[in-house]
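Structure first, then comments.
The values are calculated or read from the model by the stated rules, or taken from the named source; none is laboratory data. Remember, it's a predicted structure, so these values are computed and weren't measured experimentally. Here Cβ is always computed from backbone atoms with ideal geometry, including for glycine, and neighbour counts include all displayed protein chains. To get the accessible areas, we keep the full protein, side chains included, count just its heavy atoms, and leave off ligands, DNA and RNA. Shrake-Rupley method; radii C 1.70, N 1.55, O 1.52, S 1.80 Å.
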Amino acid sequence: MAEPELVDVVVVGLGVGGEEVAGRLAEAGLTVVGVERDLVGGECPYWGCIPSKMMIRAANALAEARRVNELAGSAQVLPDWAPVAKRIREEATDTWNDQAAVDRFTGKGGRFLRGSGRLDGPGQVRVGEQVFRARHGIVLGTGTRPSVPPIDGLADTPYWTNHEAIEVEELPETLLILGGGAIGLELAQVFARFGVRVTVVEALDRVLAVEEPEASAVAAAALRADGVEIRTGVKAERVSHDGSTFTVHSGDQEYRAERLLVVTGRRAHLDELGLETVGVDAVQRYLPVDDRMHVADGIWAVGDVTGEGAFTHIAMYQASIVVADILDHARHADGGADPSGTASVVGGAMGAVSAVGGATATPGPAGTVPRADYRALPRVTFTDPEVGAVGLTEEQARGRGINVQVGFTQLSSSARGWIHKAGNEGFIKLVADADQGVLIGATSVGPAGGEVLSALVVAVHAAVPLSQLRHMIYAYPTFHRAIEDALRELS
Ligand SMILES: Cc1cc2nc3c(=O)[nH]c(=O)nc-3n(C[C@H](O)[C@H](O)[C@H](O)COP(=O)(O)OP(=O)(O)OC[C@H]3O[C@@H](n4cnc5c(N)ncnc54)[C@H](O)[C@@H]3O)c2cc1C
């Protein structure tokens, strides 16, 4: 058997997180092998964030045009999916070709290998017949795949995951969506706005169940107004397909549609990574990491595979910590010398996704590597209205025994909400720790709910005292000014 080849770092999985780590370490002068079995960039640019947000942009343009009738005369809207599909094909994904991303990585000095990587004993990664020995570290950024529930009959049907839904060129007339989480709702609203008759089937008693119940109610009402049928508390027991129609059976109920989209969550596939060869338990849902993303000696993980939040901004945030930590380790291993020879890795990769995420963490001297802190983790569901949330929900905070205060205000009762009129559904909800006098969670639902959220993220992240939040100036008449109203309601 060939001797393992010695390199500095091997990154397995070049999705958002892995590509960022690999690119920045290569730029810093380390010898980096990046291994990707599918497309460099991962889920986000090809089947996730970017194309889905292009779909949403188009669907929202239709919805806004329909609001002309209420506000500014009349408009006739004739939806056409062709420009959306074309934009996704040509602008977002280059027809699902990652050559530009591969070139971006190799242009930074990285070495690219197409294939599946797995751990092969301590410090080693195997890709087919090739084995690499990593001097400074191995990074696992292998992400997740759709988690398809074990529903009787489902596996034998030609159901869609997010891949087929994003790649669709011609819309079906009817669509059943299993799963009323963020992805299910975003796609349901898009397709409904383009004229598809959509039914969302959710097993829990409300959609968007991880967020505040008020957010679930607003999102459900908005989708229903777009013609989406929402069925909650429905457990799919059996799925069948007769060649043209899917049927989802639940008790004596049956739901039928031309297409079935399954978006019931995502799962890491740890069993494929050779974790047993380094003494790490592969029979868990995600790879547990510490606050510097260590999995085990010489092994780091980044992104969705860590289970800390399935968001591109989490992958980018973690990547900046991993880069700083590996450079710190390399510096120590090399007796204090900067492996890059330039003492700087600031700047980072600026690829399609990096340009969206833009995380930067500067590795400092030993002991100053930043540590992950998820208290102010923001999340946005890009329905219309958008549902933005940060930190704890009221229920989570109460569950932790915190002395909770809640402030709530409807967006329509703010000046801007009232002016906005058509499409002004939404609210601000604040969750405060009364003993500490700070916000520990917040939800912002509205036409710009995700943007309004930014002020609340700063407040939670920096633990800004409520007294200061109450005595700052909020521009009139903005949507974010409703935060001041919600602060007044805190009790
Ligand atoms: C429809 C949809 C919409 C989304 N919208 C948003 C959004 O608006 N905002 C947001 O923040 N997030 C969004 N996300 C989530 C976001 O896409 C993920 O959080 C992000 O892609 C995670 O990046 P990652 O690097 O951890 O994993 P991934 O992007 O999944 O990349 C992992 C890569 O590893 C590769 N791989 C796996 N195993 C191996 C192996 N053994 N060897 C070699 N390669 C391997 C895979 O092929 C893949 O390319 C969305 C997701 C979906 C599905």
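Among the strands (runs of 3 or more DSSP E) confined wholly to the stretch 338-436, which include 3 or more residues that are within 16 Å of the ligand (Cβ to nearest atom), modelled with pLDDT of 50 or more and not hydroxyl-bearing (S, T, Y)?
Details: elements: 378-381, 386-391, 404-410, 427-433.
Filter on the stretch 338-436 gives 378-381, 386-391.
When P465 is tested against (1) surrounded by 18 or more Cβ atoms within 10 Å (Cβ to Cβ); (2) touching a strand residue (DSSP E or B) at 6+ places or on another chain (Cβ under 7 Å), only condition (1) is not met. For A459, the criteria (1) in contact with a Lys or Arg (Cβ under 9 Å, 6 or more places away or on another chain); (2) farther than 30 Å from A59 by Cβ; (3) surrounded by 20 or more Cβ atoms within 10 Å (Cβ to Cβ) hold in every case but one, which is (1). Listed by position, the helices (runs of 4 or more DSSP H) contained in the stretch 1-74 that have at least 1 residues being open to solvent by less than 30 Å² (accessible area, probe 1.4 Å) and among the basic types (K, R) are 16-27. Within the stretch 175-189, residues that are over 17 Å from D226 (Cα atoms) have Cβ atoms under 8 Å from residues that are open to solvent by less than 10 Å² (accessible area, probe 1.4 Å) and of a type in the set (F, W, Y) in no pair, counting only partners at least 6 apart in sequence or on another chain.
Residues checked against (1) touching a strand residue (DSSP E or B) at 6+ places or on another chain (Cβ under 8 Å); (2) of a type in the set (D, E, K, R); (3) open to solvent by 40 Å² or more (accessible area, probe 1.4 Å):
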site	(1), (2), (3)
V387	yes, no, no
Q396	yes, no, yes
G399	no, no, yes
G407	yes, no, no
L411	yes, no, no
G450	yes, no, no
A455	no, no, yes
Y476	no, no, yes
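Of V21, V11, V16, V35, all but one fail to be within 12 Å of the ligand (Cβ to nearest atom) and more than 22 Å from G309 (Cα to Cα); the exception is V35. Looking at the stretch 80-119, which of its residues are surrounded by 18 or more Cβ atoms within 10 Å (Cβ to Cβ) and either among the aliphatic types (A, V, I, L, M) or out of contact with any strand residue (DSSP E or B) (no Cβ under 9 Å at 6 or more places or on another chain) (or both)? Answer for the stretch 80-119, where residues must be surrounded by 18 or more Cβ atoms within 10 Å (Cβ to Cβ) and either among the aliphatic types (A, V, I, L, M) or out of contact with any strand residue (DSSP E or B) (no Cβ under 9 Å at 6 or more places or on another chain) (or both): W81, V84, A85, I88, A92, T93, A101, V102, R104, L113, L119. Of the residues making up the stretch 153-191, those that are touching a Phe, Trp or Tyr at 6+ places or on another chain (Cβ under 7 Å), open to solvent by less than 20 Å² (accessible area, probe 1.4 Å) and not aliphatic (A, V, I, L, M) are T157, N162, E186.
Each row is one residue, and each column tells you yes or no for (1) surrounded by 20 or more Cβ atoms within 10 Å (Cβ to Cβ); (2) outside any helix (DSSP H, G or I); (3) of a type in the set (S, T, Y).
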| site | (1), (2), (3) |
| --- | --- |
| A209 | no, yes, no |
| A221 | no, no, no |
| R231 | no, yes, no |
| S240 | no, yes, yes |
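In contact with a Ser or Thr (Cβ under 8 Å, 6 or more places away or on another chain), touching a residue at least 24 places away in the same chain (Cβ under 8 Å), among the small types (G, A, S) and more than 9 Å from the ligand (Cβ to nearest atom): does that describe A310? It is false that A310 is in contact with a Ser or Thr (Cβ under 8 Å, 6 or more places away or on another chain), touching a residue at least 24 places away in the same chain (Cβ under 8 Å), among the small types (G, A, S) and more than 9 Å from the ligand (Cβ to nearest atom).
Residues in the stretch 121-173 that are in a loop (DSSP other than H, G, I, E, B) and over 25 Å from F191 (Cα atoms): G121, P122, G123, G128, E129, G141, T142, G143, P150, G153. For the stretch 268-303, the set of residues classified as surrounded by fewer than 16 Cβ atoms within 10 Å (Cβ to Cβ) and within 22 Å of V323 (Cα to Cα) consists of P288, D290, D291, D297, listed by residue number. The condition (being touching an Asp or Glu at 6+ places or on another chain (Cβ under 9 Å), at pLDDT 95 or above and of a type outside the set (S, T, Y)) is satisfied by just one residue among E36, E20: E36.
Working carefully through the options V228, V289, find the one that is within 16 Å of the ligand (Cβ to nearest atom) and either in contact with a Phe, Trp or Tyr (Cβ under 9 Å, 6 or more places away or on another chain) or of a type in the set (S, T, Y) (or both).
Details: V228 fails: within 16 Å of the ligand (Cβ to nearest atom).
Step by step, each of V228, V289 is checked, and only V289 is within 16 Å of the ligand (Cβ to nearest atom) and either in contact with a Phe, Trp or Tyr (Cβ under 9 Å, 6 or more places away or on another chain) or of a type in the set (S, T, Y) (or both).
Take T142 and decide whether it is more than 16 Å from the ligand (Cβ to nearest atom) and either at pLDDT 95 or above or open to solvent by less than 30 Å² (accessible area, probe 1.4 Å) (or both).
Numbers: more than 16 Å from the ligand (Cβ to nearest atom): no; either at pLDDT 95 or above or open to solvent by less than 30 Å² (accessible area, probe 1.4 Å) (or both): yes.
Spelling it out, it is not the case that T142 is more than 16 Å from the ligand (Cβ to nearest atom) and either at pLDDT 95 or above or open to solvent by less than 30 Å² (accessible area, probe 1.4 Å) (or both).
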